[in-house]
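Remarks on the structure that follows.
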Number of protein chains: 2
Amino acid sequence: MLNMPAGQIFALSKGIGDLSPATRREVERAYIDTLAVLCAGWNEPVTRALRQTYPHVRAPWEAVSPSDAETTALTWGTAAHALDYDDVHMTSVTHPSAVLVPAIEAVARLVPGTGGRKAGAFAVGLAVNVGLGNAMGFAHYEKGWHATSTIGAVAAGAAIAHLLDLDERAFRSSLAVAAAQSGGLQRNFGTMIKPLQAGLAAQAGIRAAHLARSGLEGPGDVFTGNNGFLAVFEGPPDTRLELDIEAAVAGLSRKLFACCYMAHRPVAAAIRLHEAGASDLLADQDTGVEVEVPPGCLKALTVDIPAIGSEAKFSGKYTVAHALSTGRLGLSAFVPESVASPEFAGIARRVVLRETSTAGEAGVGIDRGSVTVSLVRGGSVAARISIEAYPGSPAAPITDAALEAKLSDCIAMGAPHEKDLAARFRSMAKQFARNA
Amino acid sequence: MLNMPAGQIFALSKGIGDLSPATRREVERAYIDTLAVLCAGWNEPVTRALRQTYPHVRAPWEAVSPSDAETTALTWGTAAHALDYDDVHMTSVTHPSAVLVPAIEAVARLVPGTGGRKAGAFAVGLAVNVGLGNAMGFAHYEKGWHATSTIGAVAAGAAIAHLLDLDERAFRSSLAVAAAQSGGLQRNFGTMIKPLQAGLAAQAGIRAAHLARSGLEGPGDVFTGNNGFLAVFEGPPDTRLELDIEAAVAGLSRKLFACCYMAHRPVAAAIRLHEAGASDLLADQDTGVEVEVPPGCLKALTVDIPAIGSEAKFSGKYTVAHALSTGRLGLSAFVPESVASPEFAGIARRVVLRETSTAGEAGVGIDRGSVTVSLVRGGSVAARISIEAYPGSPAAPITDAALEAKLSDCIAMGAPHEKDLAARFRSMAKQFARNA
């Protein structure tokens, strides 16, 4: 049974040992990033609907203990994904930390003695998330599943089973109960249910481990067979997972800008132009902005000149204009006053975006090739910057300074009156990543 | 939008009017049957695991109000399906009442003013369950989905949305949040997770309606489109549902015997032989028992002579022997003393089951053709009975007397020390089916 996925996952949990300093550092950064975006999303309409339904749930930075881990993780997980500003793992097409961190944190606060296992639980959950996501392949996503939610539930079931140090029978049952709850449809994208689906996965993982601990038994391996998780969710019916904690933790991408991923490279190039002083050229109304991206990279940037913040996130013109003009693209770029600003709109109208006609040597794919932003005057290029790696991705990791800036920005949005919150988050992150 | 499933379901809810007396009577019987099997399942290992995880949940016959509708419905729904003795709808391949009754009852006890809407909520939920199940077709089940759970979640979301009288926007969102939680794998069959999946559907429906009432919004129609519920769960991508309350309520099959469905017709024939006095012939050790069934009807009867109760449920020989010998096949047939009884085992060894070689005019299908049980002595038939309709099915509905007997049997199993429980269940059923 060890060569079946459930056996592999249990073996990973039991054999984990101490995490390396580099892994612990990334766990700490994942926690900071997740708490930051959770805070920024705390007053979003979807989070308010959850807080109204479950009024006993408090914010994770409030001193009180949660009274109920399941609804707490549901609310926190949803809030963390509410702005779609949380971390991403590219090849598994999932947002792992918005599911895992809330689930682990909610349970650990209720179950004495689990504090030292939090970082390990995150590492196990992330390795399962990445390993299972990669095993499923793109057919899973293509079918219409929300992989963050389907795979996230199983990953959370593994993480909480590790946190609670379940024995083998219960650990395998936790995976099966989690898989029994796997769901979440792309049909719900563009609505409040998208972030909810992340929260549901967090909650499902907790429910799974708790029930398994109470003696609720499932099959020894829920993944294999004609009617198992892999086959039903469009994966290969029998497979070995690649479970690699170091690689999984190092493979997270963290968003630097609160907008559609496809705008991230253009925005990063625009910020570098600003930093180089080139944005002064925009004072001349005849200066144009040209953005060249590889084929396929405009697909989701469907908005021309936005009227509201949620549209601005999908406008290549607006995001580049704002970044050129201010040198940043934080949450305040999407408040009504910014979107309505004649200055940004005036520059946005001078931006032209186009996909390059050939893929070149780099091939096709939104993470391939490079993006170039040029300032053009009288037919000649006055300034130009090219960006290859997605900012925040493993190839161009978010710096500690940028993560600090994101944290401050998120706190200013979600909890502006809380004192010393950034320091508290940093302290909570250290405690989360502590390796007992 | 009205011709989309979500619009059709909302229109059904708003246009329902008073239920006919015949429909109300069937709702009352569905309630009695569900409470009976829930009671019988109250001490099963799966229910005990839930009660340990959620210790605040009380039995539905206890006078206290539930403190939390979600975990209450999870526990009650699981208990109702724990013995696989609850009602079934054949063409949609679902167990509807074990999902719907617990969800409705748990919410109605917490929300003042909903009592008069319980029967309507059940009727709407059941019509959605049957309509959606029929629309999905067998491809859904064939894929490996547990339809009771996938479709049940949406049906429960509709039922609770009706119970809470949600407006159109919230009603449609309730369907979408329910669909976001649809899941449940046949891989978990044969384990405690099968009944859990029914409970999860009940819980999901409540969560959906509560969140939608709090303002959590989803798409106007979650069912249609490439990534909608129908397409992702193997249904036709665009369809109109057939939503017919009267037909749905009249279409329920209720189990008379606590064993695999494939044994029901042989057992019914055996009981009629017993009633005709023919079982006296078994005193002669040379009397054999021959059971002839249409092709395919032995598929799930995989156990020859059982050693334990859970095996006995899948033994055609044992169930027929017990029914011939005692004239009944209640829950006590599956306790250790019965299964170990030399008398029943002795008769069971004389039973021969075979599938008839041709389907004949009736065609193939487990609900087609007829089943014949013969007592044979010296090569000649001494007694013979044939059964065409499944006992308890719409073609041979359970009688009130048989339902009473089932109720008493279930109470003796699940709550033997509770006084007057049958009378309380009948009174609760009348209150449930009341049409305000």
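For chain B, set up a Gaussian network in which alpha carbons nearer than 10 Å are linked by springs, and say which option among B:C260, B:C39, B:C410 fluctuates the most. Sorting by GNM fluctuation, first place goes to B:C260. Taken along its principal axes, the alpha carbon cloud of chain A reaches lengths of 74, 50, 39 Å, longest axis first.
Two decimals, Cα atoms only, Kirkwood Rh: what is Rg/Rh over region A:379-436?
That ratio equals 1.20.
If R0 is 22 Å, the Cβ-Cβ spacing of B:A396 and B:E246 corresponds to a FRET efficiency of close to 0.70. Among beta bridges identified by DSSP and lying wholly in region A:261-387, the antiparallel ones come to about 70 percent.
Decide, for region A:261-387, between rounded, prolate and oblate: order the square roots of the alpha carbon gyration tensor eigenvalues as a ≥ b ≥ c, take rounded if a/c falls under 1.5, and otherwise choose prolate if a/b is larger than b/c, else oblate.
Details: a/c = 1.79, a/b = 1.19, b/c = 1.51.
Judged from the Cα gyration tensor, region A:261-387 comes out oblate (a/c at least 1.5, b/c at or above a/b).
Report the local net charge at B:E217: Lys and Arg +1, Asp and Glu -1, summed over other residues whose C-beta lies under 10 Å from its C-beta. If you can, show how the numbers build up before the last one.
Numbers: positive: B:R169, B:R172; negative: none.
Cβ neighbours under 10 Å give a net charge of +2.
Under the definition of Cα pairs under 8 Å and six or more residues apart, what whole-number percent is the relative contact order of region B:261-387? If you can, show how the numbers build up before the last one.
Details: 247 pairs, mean separation 48.7, N = 127.
RCO, region B:261-387: 38 percent.
Between the C-alpha center of region B:15-39 and that of region A:115-188 there is a gap of 39 Å. Calculated from the alpha-carbon coordinates, region A:219-312 shows an Rg and a Dmax of 22.1, 69 Å respectively. Dipole size of region A:261-387 about its Cα centre, with +1 on Lys/Arg Cβ and -1 on Asp/Glu Cβ: approximately 180 debye, rounded to the nearest 20.
Per the Kirkwood formula applied to alpha carbons, the protein assembly as shown shows a radius of gyration over Rh ratio, Rg over Rh, of 1.04. Positive-end ranking of A:S380, A:L301, A:S279 along the dipole of region A:261-387, with charges on Cβ about the Cα centre, is headed by A:L301.
Using only the C-alpha atoms, the convex hull of region A:55-122 corresponds to 93 Å³ per residue. Value of Rg to Rh for region A:118-164, rounded to two decimals, is 1.04; Kirkwood radius and Rg both from alpha-carbon coordinates. The mean sequence distance of close C-alpha pairs (under 8 Å, at least 6 residues apart), as a share of the length of chain A, puts its relative contact order at 19 percent. Counting only alpha carbon atoms, the long axis of helix A:5-14 and the longest principal axis of chain A meet at about 90°.
Considering only beta bridges that DSSP places wholly inside the protein assembly as shown, some 70 percent are antiparallel. Computed from point charges on the beta carbon alone (+1 for Lys and Arg, -1 for Asp and Glu), the dipole magnitude for the protein assembly as shown about its Cα centre is near 900 Debye. Taking the charge dipole of the protein assembly as shown about its Cα centre, with +1 at Lys and Arg Cβ atoms and -1 at Asp and Glu Cβ atoms, the residue from A:A178, A:A202, A:T71 reaching farthest to the positive side is A:T71. Relative contact order of region A:158-271, taken over Cα pairs closer than 8 Å and 6 or more residues apart, is 26 percent. About its Cα centre, chain A has a charge dipole of approximately 500 debye under the convention of +1 per Lys or Arg Cβ and -1 per Asp or Glu Cβ, with nothing else charged. Listed by chain and number, the aspartates and glutamates placed with their C-alpha closer than 14 angstrom to that of B:K299 are B:E355, B:D367; residues fewer than eight positions away on the same chain are left out. Counting other Cβ atoms within 10 Å as a rough exposure proxy, the listed residues B:Y85, B:Y318, B:Y141 run B:Y141, B:Y85, B:Y318 from fewest neighbours to most. Comparing A:L282, A:L164, A:L175 in a Gaussian network model of chain A where C-alpha atoms under 10 Å apart are linked, the largest mean-square fluctuation is found at A:L282.
Within chain B, what percent of beta bridges assigned by DSSP are antiparallel, to the nearest 5?
Details: 15 of 21 bridges.
Percent antiparallel among DSSP bridges in chain B is about 70.
Among A:V154, A:V128, A:V373, the residue with the largest mean-square fluctuation in a Gaussian network model of chain A, with springs joining Cα atoms closer than 10 Å, is A:V373. Over chain B, DSSP H runs of length four or greater, each weighted -39,500 (n - 2.57), average out per residue to a 222 nm ellipticity of -15500 deg cm²/dmol.
Past 18 Å, Cα to Cα: identify those pairs from B:K194/B:K430; B:K194/B:K313; A:K255/A:K313; B:K194/B:K317; A:K118/A:K194, in the order given.
Working: B:K194/B:K430 30 Å; B:K194/B:K313 16 Å; A:K255/A:K313 13 Å; B:K194/B:K317 25 Å; A:K118/A:K194 26 Å.
As for pairs spanning more than 18 Å Cα to Cα, those are B:K194/B:K430; B:K194/B:K317; A:K118/A:K194.
Where a number appears in this text, it was derived from the coordinates with a stated rule and is not lab data. Just so you know, these numbers come straight off a predicted model, no measurement behind them. A quick note on method: Cβ atoms are made from the backbone with ideal geometry, for glycine too, and the neighbour counts reach across all protein chains shown.
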